[in-house]
Every structure is written in structure tokens, then in C-alpha cells.
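J.: Take this structure first; my questions come after.
Values quoted throughout were computed directly from the atomic coordinates according to the rules given, and no laboratory measurement underlies them. What you see is a predicted model; the values in this text were computed from it and never measured. No Cβ is skipped: glycine too gets one built from the backbone with ideal geometry, and neighbour counts run over all protein chains shown.
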Amino acid sequence: MYYQSSLLLILFVLPFFTTEVICISKFTRNDFPGDFVFGAGTSSYQYEGAVAEDGRTPSIWDTFAHEGMTPGKSTADITSDGYHKHKEDAKLMIDAGLEAYRFSISWSRILPYGRGTVNPKALEYYKSVIHEIFEKGIKIHVSLHHLDLPQILQDEYGGWLDRRIVDDLKEFADLCFREFGDKVSRWTTIVEPNVYGSAGYDSGIFAPGRCSHPFGLINCRAGNSITEPYIAVHNMLIAHAEVVKLYRMKYQGKQDGKIGLNFYSFWGYPFSNTSADVEAVQRVFDFQFGWILNPLVFGDYPETMKKICGPKLPNFTASQKKLLKGSFDFISLNHYTSAFVRDNSIILQISPRDFFSDMAAIVTASRNDTSNSTFVPTHPQVDPVGLRYLLEYLKENYGDFPIYVEENGYCEAANMSALDDHARIDALRGYIGATLEAIRNGVNIKGYFIWSFIDVFEYLGGYQSSCGLYHVDFNDELRPRTPKLSAHWYYNFLKNNSEALFSMERTEDLQNLLHSSL
């Protein structure tokens, strides 16, 4: 397997092991600013199920899963059954102390044909979801598009590879703003466009599974790994900016919400103190974060990308640059891990290259790996201080804008998933402490969300990974939910302002929470 595919797993796989880095020894909920929110999240395809009910049509992930492209060849046809159990789940949000809930809206449920005819059953469902949450005083954060494009648009014109997608996303967004915007406090246009582009159009391990040899999966059937990642993300950025313009002109003044974009992030350490490795870290940051942030903050791609990619990196017109620059009220990021980065710029002498080759770096989980191909660890690093470094890097290099940590968490192998999930508590405690330290160092962070609220279908892990605060028994057709110890812990932190539960020592009080009611 080519190193690019391994690199993708290093960057995007969810962690199963924690390296404890404790920045702040003691803190409580009250140490955070008054307008800071704590929450948890899910996404439509991963949570809802009911994929063929009440008028919903397939998304690209339905197709991808049914073609056997997911771990264990699993699908999200039922998954957590959130479509039928959302009222029950809203009560569990109170039990976990959530101050905010982040979820996404299924485009193919709302607009079964991608545009035009609106599905009234879908409107009814999402209005019910929002009502249940809003009435409980929980702030609502909605992602418009979380990787699950309607398959009908993929079939019609290639989805994100065609500029027609811009108008279709605007129509979908306009409908959502109009129908739900009076109760939604934060809108995210597109989740993880950098992952969407590289995993969906280079390696092919995410839907729509487009790739080309020798860069992607062995069974690449269609695609061009050399150009398509850049084209897809280019169209995502333009679509994002157009949706923000629409929201600001038509809805924001009346609804008083905020709108932004999300990207996947990780922190990188130089493999050695050589200038080549230090420069490689910056190059990786430019290709991972700068690919998304530079156009929004500065109006264009990083110079590093333009120099390396040349003409295969699309150009923004002058009007597009103006539209993109400042097209956000906040930025949100998904963050799970850190890695070591080693220079591989010799690969730039080879042509053709895909996205990962253009990045010209080898990413490893350990300095012990000195091979020339990326090592895929069984236990990727969970490094709380890396999150703090990242947040401070963003402020220093991009400005003092509001930031939400919209995904962070800890996943265990499903067959090891116990209700007594101390390791998850340790990891969450470390990351929340790192977030607080970044705030104290001047970073404008507005919220922190755990992934995930309950166990769901995981894009990379299927049902082999368990990430939720609540356990879901996927072997039971009723999909019962059971709070893990971490759900009790989160409640006590948020509602009881507890400090004692943050001790890294195992205490009787912590153990007893598992058997107590909230």
C-alpha cells in the first residue's frame, strides 16, 4: 500500500490510547467564561438511521456503505435509530448536562431530489428535534453538510466536482435557514472539507470513494487523485462563501445567529530538530489547515500550495477572493490527535503527484519510526497539549476570531466498551484542561463539544469503535441507551461544578457514580 493511504489513517483515525499530558491540575466549570458552551454532537447519517423512510433518498454514504466499502461492510441503515428516538435522546442530553448540541441535517431527507420538491416529513422531523432541544434550554448548533451529499446530485453531475453544486447547496441552506433558523444559534456550512477532499477524492476511503492508481485504494474504479481533491475543495469553499453571503443578507439580522466553517485538525511535531523537518511541519499545516483557512482569512490559498501544486490548484477570481475573505463569524475544528512530521520533499521531484505527495512529508505516531513509509499505529496518540498548541497557532497565524472545538473525544474498541470508561474521562479531562489553558493564554474559544453524544456508526470504524457518552446496544433492535461513567462525570462537571472528579486517581466516589442516578 502506498504511504499516502497510511498517512490518511494516521491523520483521521480516532484514538484508542491516551498519553496523559496535564496542563492544569484543577479546574471547574466556573473557570470558563460565562458565554462558553459545553456540548456533544452527532451527524445525520451516523445517527439517524431510517434511511429509506418517509421520503428520504440515498446519500453518497448509503451507496458507499452498501458497496461494502466500510469497516466490517457495515451500514448506517438503522445505526442509533435517532430518527425514532430523538425525543428520548433529548432527555438524555439533560441527564448529561449538555449546554449545547451539535447535529447535522440530511440533505437527501429534506430535498430527496437534491433540489426542488421539499419533503414535509423531513421538515416535521427536524422541527421536532429542534423543538425538543430548544425547550430544554440547550443551544442548537447545526451543520448543513456533514459528508452525506445526495446520491442523485453525485449521479447527475459529479457532485462537488461541478460548479452547479454551489447553487444547489444555496437552495438547501436557504430552506434550512427559513424553516429552522429562528432557534439555531450557530450554523456550520460544511464539515471537514479538507477530509472530504483528500479522503473522498484522493485515497477513496470516504464516500464518494473516488481515486486513481497508484495513489488510492486498490479497487479504485473512477476518479483522478491528482486533480479532483483540489477541484472538490475549491467548489466547497466557493459554496460556503455564497451560503454565508445569503445568510448575512437575508436571515442573520432577523435571526441573530452566527455562521462559520469547520475543518479537521491535528497537531504536528518535527520528527527532528533539523530545518527540513521544521519546514515539513509548516508545509503540512499549510496543506491541512491553510487549504481551508487561508482563503477565508486572506482570500487565497497558501503560497506553499500554489508553488507546489502549480496549475492543478484552481484559481479564485478577484470577485471570489473578495467573497471568501471574512466569510465566517467563527471557525470550528475537529481535533483528536498529534503526530510527528518528517520531511519527504524528495518526492516533489516525481510527477505526477496526488494531494498527499504534494504535501511532501511522512507523518508518524512515534519518533521510533525511522522508515521511509508511514507507520500506522494501533494506538494513535491522544495529546491534550497538542490541542493547546494548535489553538494558539491559529490565533497567532490567522487572527483573534471565535473558535469552537466542535469535535473532540476518545473512542474505544467496541468489544472493549465498558460503562466504566475511565480512559475516556482521563482523555476528556486533559483536553478540556488544555482548552482552558489556551483561553487563559488569550485564544478566543467559545465552546467545546464531545464526540459523540451517543454511540453511532463511525465513518472509519463502523461499529468497531465506541465513542459515545451513552452506550448503544446495536445488537438489540430497540437500540437501548445506557449512560457510561463519562456521562455522569460530564454532568457533575457541568452542573455540580465538581472539581474532585478530575483527580487522576481512582476514587470510590467516581466508581459509585456508575450506579447512581443523576
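J.: Using the count of nearby Cβ atoms within 10 Å as a rough guide to exposure, how do ASP421, ASP174, ASP455 rank from fewest to most?
T.: The order, fewest Cβ neighbours first, is ASP174, ASP421, ASP455.
J.: Follow-up. Do the alpha carbons of any pairs in LYS127/LYS325; LYS91/LYS395; LYS136/LYS446; LYS136/LYS321; LYS26/LYS183; LYS245/LYS312 sit beyond 30 Å of each other, and which pairs?
T.: Pairs exceeding 30 Å: LYS127/LYS325; LYS91/LYS395; LYS136/LYS321; LYS26/LYS183.
J.: What is the P(r) of the stretch 286-376, as percent of Cα-Cα pairs per 10 Å bin from 0?
T.: 14, 37, 32, 15, 2
J.: Also, quick follow-up: Using only the alpha-carbon atoms of the stretch 190-276, report the extent along each of the three principal axes, biggest first, to the nearest angstrom.
T.: Sorted from largest, the Cα extents of the stretch 190-276 read 51, 41, 17 Å.
J.: Given just the C-alpha atoms of the stretch 82-135, how large is their convex hull per residue in cubic angstrom?
T.: 75
J.: Next question. Which distance in nm do the two modelled labels at ASN397 and ASN273 give, with both placed 7 Å along the Cα-to-Cβ direction?
T.: Taking the simple label geometry, ASN397 and ASN273 are separated by 2.2 nm.
J.: Peptides 468-474, 136-142: what's the order by average Cβ count within 10 Å, highest mean first?
T.: The densest-packed peptide leads the list: 468-474, 136-142.
J.: Something else: Excluding TYR301 itself, what net charge comes from residues whose Cβ is under 14 Å from its Cβ, given Lys and Arg +1 and Asp and Glu -1?
T.: +2
J.: Further question on the same structure: So who's got an amide H within less than 5 Å of the one on VAL456, skipping anything under 5 residues away but keeping other chains? H placed 1.01 Å off N, in plane.
T.: Long-range HN contacts for VAL456: CYS467, GLY468.
J.: Now for a different question. If you rank ARG102, ARG367 by fewest surrounding Cβ atoms within 10 Å, what's the result?
T.: ARG367, ARG102
J.: Starting from the Cα gyration tensor of the stretch 213-341, multiply each eigenvalue by 5, take the square root, and state the resulting semi-axes largest first in whole Å.
T.: Value: 29, 19, 15 Å, ordered largest first.
J.: Does anything in the stretch 49-87 have its amide N under 11 Å from the 7 Å Cα→Cβ label point of LYS121, and if so which residues?
T.: Correct set: 50-57.
J.: With just the Cα atoms defining each centre, how far is the stretch 388-410 from the stretch 430-475? Give it in Å.
T.: Value for the Cα centre distance between the two parts: 15 Å.
J.: What would the Debye formula give as log10 I(q)/I(0) at q = 0.11 Å⁻¹ for the alpha-carbon point model of the chain, no solvent?
T.: Summing over Cα pairs of the chain leads to -0.92.
J.: Let me know the whole percent of all Cα-Cα pairs from the stretch 110-185 that are separated by more than 16 Å.
T.: The answer is 53 percent, as a whole percent.
J.: In the chain, once you exclude exposed GluC sites (Glu not before Pro) (DSSP loop, at most 16 other Cβ within 10 angstrom), what's the longest stretch remaining?
T.: 136-476
J.: Another question, then. Which of rounded, prolate or oblate describes the stretch 132-269 when judged by the alpha-carbon gyration tensor and an a/c cut-off of 1.5? Mind dumping the intermediate values first?
T.: Working: a/c = 2.38, a/b = 1.86, b/c = 1.28.
Cα axes put the stretch 132-269 in the prolate bin.
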